[in-house]
Amino acid sequence: MAQATPITVAYGDGIGPEIMQATLDIIQAAGASIAPQIIEIGEKVYTKGISAGIEPSAWDSLRSTKVFLKAPITTPQGGGFKSLNVTTRKVLGLYANVRPCVSYSPFIATKHPNMDVVIVRENEEDVYGGIEHRQTQQVTQCLKLISRPGSERIVRYAFEYALRHNRKKVTCFTKDNIMKITDGLFHRVFDEIGQEYPELEKEHWIVDIGAAKLADTPEAFDVIVLPNLYGDVLSDVAAQIAGSVGLAGSANIGDNYAMFEAIHGSAPRRAGQNLANPSGLLFGALLMLVHIGQPEVAQRVHNAWLTTIEDGVHTYDVYKDGVSKQKVGTKEFAQAVIARLGQTPRTLKAASYNTQPQSEPRKPRPAAAPEQKVTVGVDVFLDWTGSPDELGEKMKTITVPGLELYMITNRGTKVWPNGFPDTFCSDHWTCRYLGQNGKSIEHRQIVDLLGRVAAAGFDFIKTENLCTFNGKNGFAAAQGE
Ligand code: NAD
């Protein structure tokens with residue numbers, strides 16, 4: 001018999017230890033061939049003064065097993081603590097968050113009896129770099145970064161996932177009608193890579209109306225791929241409308257490592273009472289079993305779980321008079337699932353982990369040649385109080401040879417020249433300088449310009465270079481321009 005697969009396991013806080021024990025009991029009873037290595041994370045570690053919430057030695061286990069089954073932890077209140085989830089994702093390069101959201105009508109109440117959606121969320125980029133600055137008395141900013149390689153790998157992951165799991169359609173959500181450059185890149189990458197998967201249906205929705213459609217008619221979707229922030233919000237919406245956030249598990253996947261968990265937290269008020277529903281973590285563990293090449297065990301557990309739910313054996317959180325037959329605790333629920341191993345559901349659709357034979361992932365096309373980048377201007381951001389015309393008159397006189405003041409904007413809206421008198425202006429201004437007659441400019445000119453801006457007594461807070469790529473503007477126009 002093949003050797004048991006080593007996995008790293010953390011029991012976590014609150015209800016964590018109970019649901020982890022139940023999960024391990026179930027999958028081991030079903031024949032999972034795993035060798036758990038237990039590590040310490042969460043509250044106990046934080047209170048020792050380790051701000052990352054994970055024992056430094058725990059990384060050794062993770063580095064060797066590369067597979068992490070994690071129970072929820074309690075994040076301590078107050079500053080100075082780092083989110084363990086964010087740290088793990090970043091350190092282990094877990095770029096894809098995968099969350100299946102399925103309804104189990106009529107046994108678990110939902111308005112959407114036919115929902116079966118998988119959310120594939122980009123996990124590393126977007127505003128989650130946490131690159132934030134307060135720039136003036138009035139204005140703060142958060143940097144949203146979307147990269148081509150980051151978008152390519154999550155989009156490709158979503159298409160490959162769809163193929164492997166017999167899915168028919170991949171939908172992309174962005175807000176590229178507003179963020180034409182960042183979300184526009186994500187959408188473009190989706191269109192480009194989508195061409196390599198002619199057998200799959202593809203569509204794109206603007207995230208606002210797409211989210212409304214998802215909340216109203218989730219059965220219209222299959223696999224949805226989306227940037228980090230939209231994915232963060234909509235994956236919880238999708239899990240909730242399927243029936244309960246307590247039932248969903250998720251996988252965080254990288255090239256070398258993977259982490260599996262429930263999507264809910266440590267529910268401290270329910271801890272130690274044998275009340276919690278272990279299903280969310282169990283579904284995380286099923287994703288793990290597929291990942292480590294034991295899909296037949298996942299299928300066995302999944303079908304036993306469906307049968308248990310169908311038989312009306314429910315924990316308090318999904319218990320409903322008239323539908324449920326027996327209210328059970330965590331341990332009894334686990335025993336009920338174990339007792340049904342080998343059975344398949346009668347009403348609910350049986351789970352099939354007959355994933356498509358791992359067709360070789362499609363070879364990414366060779367990277368396009370780098371585009372020709374030319375700097376054609378600079379945006380100089382100022383912390384300043386006054387009227388647009390006053391600022392325009394002053395800034396017109398502050399210049400260097402080859403650069404001229406083109407316009408001034410306030411929070412993205414053009415206010416000089418010829419702004420609308422009604423536009424509200426904060427203390428955050430952007431003065432756009434362009435090379436004369438459309439000519440390119442050099443860094444030296446920007447540095448000279450900043451010297452003059454400072455010498456004239458202005459508080460510049462940052463600059464952004466304005467570049468073209470193969471002649472196409474790599475910067476947004478202003479509203480009202
Ligand atoms: P929570 O998910 O722990 O609980 C929300 C509600 O759902 C509560 O009413 C709880 O009783 C119920 N609930 C959650 N899981 C359940 C289960 N398995 N069975 C039955 N009922 C369940 O969210 P919260 O109360 O906002 O957060 C509690 C703690 O968990 C916080 O410290 C938070 O930071 C942490 N948290 C951790 C993770 C993680 O480790 N991945 C995720 C989210 C929250």
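Just so you know, all these numbers are worked out from the coordinates, no wet-lab data involved. Note that the coordinates shown come from a computational prediction; the quantities given were computed from them, not determined experimentally. Note that each Cβ is placed from the backbone with ideal geometry, even for glycine, and that neighbours are counted across all protein chains shown.
Under the 0.36 nm per residue contour assumption, what length would be gained going from the current alpha-carbon distance of N166 and T47 to full extension?
Additional length available on full extension: 38.3 nm.
P(r) for segment 152-267: what percent of alpha-carbon pairs falls in each 10 Å bin, starting at zero?
It works out to 13, 42, 37, 8, 0, in whole percents.
Quick one: if you stick a label point 7 Å off each Cα along the C-beta vector at K90 and K331, how many nm between them?
According to this spin-label approximation, the distance is 4.1 nm.
Any idea which of V86, P366, T174 is furthest toward the positive side of the dipole for the chain, if Lys and Arg beta-carbons carry +1 and Asp and Glu beta-carbons -1?
Looking along the dipole axis, the top candidate is P366.
Hey, can you list the DSSP H helices of the chain whose Cα span along the axis is 15 Å or longer and whose average Kyte-Doolittle score is at least 0.5?
Those that pass (Cα extent of 15 Å or more, hydropathy at least 0.5) are 228-242, 279-291.
Let me check I have the definition right: for segment 138-212, take the eigenvalues of the Cα gyration tensor, multiply each by 5, take square roots. What are those semi-axes in whole Å, largest first?
25, 14, 10
On full extension of the chain, what length is gained from C142 through S57, given 0.36 nm per residue of separation minus the C-alpha to C-alpha distance?
Length difference between fully extended and current span is 27.2 nm.
List the aspartates and glutamates whose Cα sits under 16 Å from the Cα of K327, skipping any in the same chain fewer than 8 residues away.
E310, D311, D317
Tell me the net charge near G272. Cut-off is 13 Å between Cβ atoms, G272 excluded, with +1 for each Lys or Arg and -1 for each Asp or Glu.
Neighbourhood net charge equals +1.
If you filter segment 306-353 for trypsin sites (Lys or Arg not before Pro), then keep DSSP loop positions with at most 16 other Cβ within 10 Å, what is left?
Listed in order of number, the matching sites are K320, K325, R346, K349.
Using a Förster distance of 45 angstrom, determine the FRET efficiency expected from the C-beta separation of Q135 and N274, and round it to 0.05.
Values: r = 52 Å, r/R0 = 1.15.
Approximately 0.30, to the nearest 0.05.
For the pairs K414/K462; K213/K349; K169/K373; K144/K414; K66/K144, note any where the Cα-Cα span goes beyond 28 Å.
Details: K414/K462 18 Å; K213/K349 24 Å; K169/K373 36 Å; K144/K414 22 Å; K66/K144 30 Å.
Long pairs (Cα-Cα over 28 Å): K169/K373; K66/K144.
Which FRET efficiency value, to the nearest 0.05, is calculated for F420 and K82 with the Förster distance at 45 angstrom and r the Cβ-Cβ distance?
Efficiency for this residue pair is about 0.50.
How much net charge surrounds Y104 when only the other residues with a Cβ under 10 Å from the Cβ of Y104 are counted, with Lys and Arg +1 and Asp and Glu -1?
Summing Lys/Arg as +1 and Asp/Glu as -1 gives 0.
Specify which residue in the list A212, T74, L286 is farthest towards the positive end of the charge dipole of segment 5-339, using unit charges on the beta carbon of Lys, Arg (+1) and Asp, Glu (-1), about the Cα centre.
Highest projection toward the positive end goes to T74.
If you rank S426, S244, S33 by fewest surrounding Cβ atoms within 10 Å, what's the result?
S426, S33, S244
For labels at S440 and D191 in the simple 7 Å Cα→Cβ model, what's the distance in nm?
With each label placed 7 Å out from Cα toward Cβ, I get 2.8 nm.
About the Cα centre, and with charges only on the beta carbon of Lys, Arg (+1) and Asp, Glu (-1), how big is the dipole of segment 332-435? Nearest 20 debye, please.
The dipole magnitude comes to about 980 debye.
Please give every one of the aspartates and glutamates within straight-line cross-link reach of K175, meaning a C-alpha to C-alpha distance under 12 Å, and leave out same-chain neighbours fewer than 8 residues apart.
The qualifying aspartates and glutamates are D183, D208.
Got the relative contact order for segment 377-471 handy, in percent, Cα pairs under 8 Å and 6 or more residues apart?
With pairs under 8 Å counted, the relative contact order is 45 percent.
Pull up the cross-link candidates among the aspartates and glutamates for K396, meaning alpha carbon to alpha carbon under 13 Å and not fewer than 8 places away within one chain.
Cross-link targets: E404.
Kindly identify segment 5-339 as rounded, prolate or oblate by the Cα gyration tensor criterion: order the square roots of the eigenvalues as a ≥ b ≥ c, call it rounded if a/c is under 1.5, otherwise compare a/b with b/c, prolate if a/b is larger, else oblate.
Because a/c hits 1.5 or more and a/b fails to exceed b/c, segment 5-339 counts as oblate.
Just how large is the dipole of the chain about the Cα centre, in debye to the nearest 20, putting +1 at every Lys and Arg Cβ and -1 at every Asp and Glu Cβ?
700
Please order F221, F420 by the number of other Cβ within 10 Å, starting at the fewest.
Ordered from fewest to most neighbouring Cβ atoms within 10 Å, F221, F420 come out as F420, F221.
Which one of V400, P421, H443 has its Cα pushed farthest toward the positive end of the charge dipole of segment 373-473, where Lys and Arg give +1 and Asp and Glu give -1 at the Cβ?
H443
Run lengths n ≥ 4 of DSSP H only: what is the helix-derived mean residue ellipticity at 222 nm for the chain, with -39500 (n - 2.57) per run over all residues, to the nearest 500?
Only helices count here, giving -9500 deg cm²/dmol.
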